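Participant: Take this structure, written in structure tokens, and hold onto it; I'll ask about it next.
The values are calculated or read from the model by the stated rules, or taken from the named source; none is laboratory data. Bear in mind that the values here come from a model prediction, so they are computed numbers and not experimental data. Here the Cβ positions follow ideal geometry from the backbone for every residue, glycine too, while neighbour counts run over all protein chains shown.
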Amino acid sequence: MITPEEALARISSNVGPLPARTAPLSDAEGCVLSASLAARLDLPSFDNSAMDGYAVRASDLAGASREAPVSLRLCGEAPAGSPASVAVAAGEALRILTGAPVPEGADAVVMQEKTERVGDAVLFYATPSAGANIRPRGEDVKAQAPLLAAGSTLRPYEIGLLASQGIAEVEVIPRPTAAVLATGSEIAPPGTPLAAGKIYNSNGPALGAALRRWGVAVRDLGSAPDDPVAMASALRPAVGTCDLLLVAGGVSVGDYDYTRSVFQEFGFEEVFYKVAVKPGKPLLFGRIQAPEGGCATWVFGLPGNPLSALVSLEEFVRPAIERMRGVTLVQPSYHLRGRALNAYPLPKDRQQFLFCRARPDGDGFALEVIRPQGSAMSKMATGANALAVARLGMGVVREGDLLPFRWLK
């Protein structure tokens, strides 16, 4: 049994980014850029108006105010999408709309709210400065300047920036693909009649939901009974065809726990087994090498109890997913601190994750550790909004202790 820190270190040292591929921009949201990009164009690519109003020579409106308006002759109009057909001469103003190119001769735009149209003239009630309400060429981005660095996650902001450069496809580290299998002879699929001694499969839907939230493409393998032949048959289509394989259940040391031995039938290379945490001790991690024509698959054997499986997924599988995605800057999970409002006993040989109700308290946070809690208590978890961690060796949580925690989203 290894410490959680050692488990995370082994995951980090073994798992690397997936091979880069070209993706259309419409399918790149959430992916990580595999190579740095330089700007193709100035952005904006021409001087343009920041608002609806009138393009003028600022010197023509010196001293203009509500009390002493200045009149200029209207010389034309510049809508967005085409250049102005006339230049602005001294004593003239040109009607201009947001995004339209600034005409030759003009050096300022006056917003229409500070003007009044009177026939073929415009009254101005404000004195603009040169450059007012004009977005100059290259204000945001200069052509050939660095645009986005390798390792950047493509959020809607980055997607918009790339689109503004005319980029239709981009080299990214793709989203991982994962297959999920729940095991147990007692498991029945939701929506079917429940026979005596059976329980519904909650691990498959819950794990799949979390993976999809993190941008993983999920393949649901359903469930398999506690039978090595049936398990191997259920897993075989996923081996070599997905980046990540998750099996919930059958990973402990019971008479009907076959997950570990079934993995070995596929050439499983074990990295670690059992971590000093609660819940989630019987955690298995390793790799199945790529079969001919397929891809290598990282494998996690997760505990079968629902909360053990979900906590293990968040604490150990998600860091592996982030490594596959090429994410390099990850905020520490437990960067907040909260003061415990109640005591809670802890195992001496394991780090414990505690479901809590957290609330602001003065300049910090207060944590109510939910009691009772257990690895199969799903309803209990729905009443929590935070997960705290009691580090290995604490022995007991006492009222007033400061605990690291994170929000449960």
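Participant: With respect to Arg287, is the statement that it is farther than 20 Å from Ala7 by Cα, in contact with a Phe, Trp or Tyr (Cβ under 8 Å, 6 or more places away or on another chain) and assigned to a strand (DSSP E or B) true?
Facilitator: Taking the combined requirement at face value, the residue does not satisfy it.
Participant: Let me ask something else about it. Does Ile321 fit the bill of being touching a Leu at 6+ places or on another chain (Cβ under 9 Å), more than 25 Å from Ser378 (Cβ to Cβ) and not basic (Lys, Arg)?
Facilitator: Here the answer is no, as Ile321 does not meet what is asked.
Participant: Pick out the one residue from Val397, Val389, Val330, Val369 that is modelled with pLDDT under 95 and among the β-branched types (Val, Ile, Thr).
Facilitator: The conditions single out Val330.
Participant: Identify the residue in the range 301-310 that is crowded, with 24+ Cβ neighbours inside 10 Å and within 23 Å of the chain's Cα centre (by Cα) and, among all such residues, is nearest to Leu211 (Cα to Cα).
Facilitator: If we filter the range 301-310 for residues that are crowded, with 24+ Cβ neighbours inside 10 Å, which is where we start, we get 301-304, 308-310.
Subset that is within 23 Å of the chain's Cα centre (by Cα): 309-310.
On the way: Ala309: 12, Leu310: 10 Å.
It comes out as Leu310.
Participant: Hey, another quick one. Is it true that Leu207 is closer than 26 Å to Ser13 by Cβ, touching a helix residue (DSSP H, G or I) at 6+ places or on another chain (Cβ under 8 Å) and assigned to a helix (DSSP H, G or I)?
Facilitator: yes
Participant: On to the next question. Of the residues Ala195, Ala179, which single one is surrounded by fewer than 19 Cβ atoms within 10 Å (Cβ to Cβ) and not in a helix (DSSP H, G or I)?
Facilitator: Details: Ala179 fails: surrounded by fewer than 19 Cβ atoms within 10 Å (Cβ to Cβ).
Within the list Ala195, Ala179, the selection yields Ala195.
Participant: In addition: The conditions are (1) among the small types (Gly, Ala, Ser); (2) within 16 Å of Met51 (Cα to Cα); (3) at pLDDT 95 or above, and Gly160 fails exactly one of them. Which is it?
Facilitator: Here Gly160 clears every test but (2).
Participant: Here is a further query. Assuming Ser202 fulfils every condition listed in (1) farther than 30 Å from Pro306 by Cβ; (2) touching a residue at least 40 places away in the same chain (Cβ under 8 Å) apart from one, which condition is it?
Facilitator: Among (1) farther than 30 Å from Pro306 by Cβ; (2) touching a residue at least 40 places away in the same chain (Cβ under 8 Å), the lone unmet condition for Ser202 is (1).
Participant: Say we look at the range 354-408 and pick out the residues that are of a type in the set (Lys, Arg) and in contact (Cβ under 8 Å) with a residue 40 or more places away in the chain; which of these is surrounded by the most Cβ atoms within 10 Å (Cβ to Cβ)?
Facilitator: Arg406
Participant: Pick out the one residue from Leu245, Leu181, Leu194 that is closer than 20 Å to Pro291 by Cβ, assigned by TED's automatic domain parsing to the domain that holds Tyr273 and out of contact with any helix residue (DSSP H, G or I) (no Cβ under 6 Å at 6 or more places or on another chain). Break it down stepwise before answering.
Facilitator: Numbers: Leu181 fails: out of contact with any helix residue (DSSP H, G or I) (no Cβ under 6 Å at 6 or more places or on another chain); Leu194 fails: closer than 20 Å to Pro291 by Cβ.
On inspection, the qualifying residue turns out to be Leu245.
Participant: While we're looking at this one, here's another question. Looking at (1) over 30 Å from Ala320 (Cα atoms); (2) loosely packed, with under 15 Cβ neighbours inside 10 Å, can you tell me which one Ser13 breaks?
Facilitator: (1)
Participant: Name every residue in the range 1-39 that is polar (S, T, N, Q), in a helix (DSSP H, G or I) and either touching a Lys or Arg at 6+ places or on another chain (Cβ under 6 Å) or over 30 Å from Asp349 (Cβ atoms) (or both), in order of residue number.
Facilitator: Ser26
Participant: So for the range 247-260 (the condition being assigned to a loop (DSSP other than H, G, I, E, B), among the aromatic types (Phe, Trp, Tyr) and over 18 Å from Glu314 (Cβ atoms)), does at least one residue qualify?
Facilitator: Looking through the range 247-260, at least one residue is assigned to a loop (DSSP other than H, G, I, E, B), among the aromatic types (Phe, Trp, Tyr) and over 18 Å from Glu314 (Cβ atoms).
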